[in-house]
Amino acid sequence: NALAGLAPWDSSVDESNTQALKRIVEQHGWPAISLVGAEASNAAWLLTQHADHDVAFQEQCLAIMKALPPGEVSLPNIAYLEDRVRVSHHQPQLYGTQFQGTGTNLKPGPIEDEAQLDARRAAMGLGAFAEYHKLMVEEYGPGSVSI
């Protein structure tokens, strides 16, 4: 499979899934937890998170997600998508969720106001950055499959 590096990534699948999600969002709004359940709402976020070929759609979904009442969307999902959109616009990320490079070159992209990073992460239900950084290095650092 593509994630394990055993097959080439097929970007047409992402594009097809993004088009399907666009139709859903257009017709019904964001797949909120109260409408579709946490698992389906998370799946919609995951499709959006990886729709890098359509940053405008990512931005649209981020705005919709942020406007929903508390509990209708996972706060960590908002944080990850916020960082993804910011990285696409060459802006520093707020939550330190996006890493670049592979192996020994794996490192987070630029982060805004690093002194307040853990406070922002905590407000979004994310753990301390040091622990996340350690996990990323263990998963994707030296000797691992590239992300």
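The values are calculated or read from the model by the stated rules, or taken from the named source; none is laboratory data. Computed from a predicted model, the values in this text were never measured in an experiment. Quick reminder, even Gly has a Cβ in these numbers, built from the backbone with ideal geometry, and neighbours come from all protein chains shown. To get the accessible areas, we keep the full protein, side chains included, count just its heavy atoms, and leave off ligands, DNA and RNA. Shrake-Rupley method; radii C 1.70, N 1.55, O 1.52, S 1.80 Å.
Within straight-line reach of residue 107, meaning a Cα separation under 19 Å, sit the following aspartates and glutamates at least 8 residues removed in sequence or on another chain: 82, 83, 118, 131, 138, 139. At 20 °C and 1.002 mPa s, grab the translational diffusion coefficient of the chain from Stokes-Einstein with a Kirkwood Rh over Cα pairs, rounded to a whole number in µm² per second. The diffusion coefficient I find is 131 µm²/s. Of all lysines in the structure, those lying under 21 Å Cα to Cα from residue 22, and not within fewer than 8 positions of it along the same chain, are 66. Over the chain, with the other protein chains present, what is the accessible area per residue in square angstrom, probe 1.4 angstrom? So the chain comes to 57 Å² accessible per residue, rounded to a whole number. From helices alone, the chain scores -16500 deg cm²/dmol at 222 nm; the rule is -39500 (n - 2.57) for each run of n ≥ 4 DSSP H residues, then divide by the residue total. Across 23, 121, 86, the residue with the most accessible area heads the list, and the full order at a 1.4 Å probe is 23, 86, 121. Placing 11, 74 in order of accessible area, with the largest value first and a 1.4 Å probe, yields 11, 74.
At the listed q of 0.22, 0.27 Å⁻¹, the Debye profile of the stretch 52-121, built from one uniform point per Cα, gives log10 I(q)/I(0) equal to -1.00, -1.23.
Across the protein chains, with a 1.4 Å probe defining accessible surface, the residues 90, 53, 28, 133 rank 90, 28, 53, 133 from largest area downward.
Per-residue SASA remark: residue 134, around 110 Å² accessible (1.4 Å probe; ligands, DNA and RNA not included). The Cα center of the stretch 52-69 and the Cα center of the stretch 20-34 differ in position by 11 Å.
FRET efficiency for residue 114 and residue 55, Cβ-Cβ distance as r, R0 = 35 Å, nearest 0.05? Approximately 0.90, to the nearest 0.05.
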